[in-house]
Every structure is written in C-alpha cells, then in structure tokens.
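Bear in mind that the values in this text are calculations on the coordinates, not laboratory data. Only a predicted model underlies this, so the values are computations on that prediction, with no experimental measurement involved.
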Amino acid sequence: KGGGGEEERGDLAVVFTVSAIEAFEAALVLIALIPRSYASALVGTLIASAIVIVLTALIKDQIARIRLPHLKYVLSSLLFSLGTLWAMEAVGLDVTDLVLIPLFLAYLGINYLLIKV
C-alpha cells in the first residue's frame, strides 16, 4: 500500500476541496451571525472547533476505514439536501429543518439508483 499513486493523490485533492468548501460555508455563516452577537459567534466558533478537533483525534482510525466512494455517496446526499432546503427558503417557502430528513433519504435513493444504473 505504499507509493501513493495517482488515485491516492486524486482522493486527497477531493478531500482537500470538500474541506475548503465546508470551511468557506462555515465562514459565511459566521459572517452572517456576527451582526447579531459577535461574542456569541466567537464563542460558538471556538467551542465547535474544539469539538471537531477532539472528535477527529478520537475517531480518526474509524473515519480512515470508511471507503471514499461510500463517503462521497452519503456526503453528496447531505449537501444536495441542504442545497434544496436553502433553495426552498430562498424562493419563500416556509419550511422547517425537519424537511432535511426526507430530502436526505430521497437523495440517498437517487444516488443509489444513479450508481446502480
């Protein structure tokens, strides 16, 4: 398993890109929250960062065992669900966050069908 071939570099690029996008999204949320309460946004950021660091250290071996295609399958469903929720809110629909559950399940099914076909 040594050597780090082209596929491994591609996987690393995907992980880096997804991480960068998620960091950018988190920054946008923080910027939106700062006008409400700077202190609250800062404390929330620090607490969330600490939780992520601790959880990553605790479960990194388990996460490393997840095959990248499976991770892409689930995360793409989650991202499509969030995008759909935000689009629904943007067009003025009054929806709760609970709509994420059926959206996520629907996108899991769609992804599954696309992979199997």
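The helix-only estimate of mean residue ellipticity at 222 nm for the chain, built from DSSP H runs of length n ≥ 4 each weighted as -39500 (n - 2.57), is -28500 deg cm²/dmol after division by the residue total. Each residue of the stretch 29-37 was assigned a 3J(HN,Hα) from its phi angle through the Karplus curve 6.51 cos²θ - 1.76 cosθ + 1.60 (θ = phi - 60°); the sequence is 5, 4, 4, 5, 7, 4, x, 6, 6 Hz, with glycine and proline shown as x. Using alpha-carbon positions, what is the distance between the centroids of the stretch 81-98 and the stretch 23-38, in Å? About 19 Å separates the Cα centre of the stretch 81-98 from the one of the stretch 23-38. Between Ala27 and Leu58, residue separation times 0.36 nm minus the direct Cα-Cα distance comes to 8.7 nm. Expressed in Å, the radius of gyration and Dmax of the Cα atoms of the chain are 17.4, 52.
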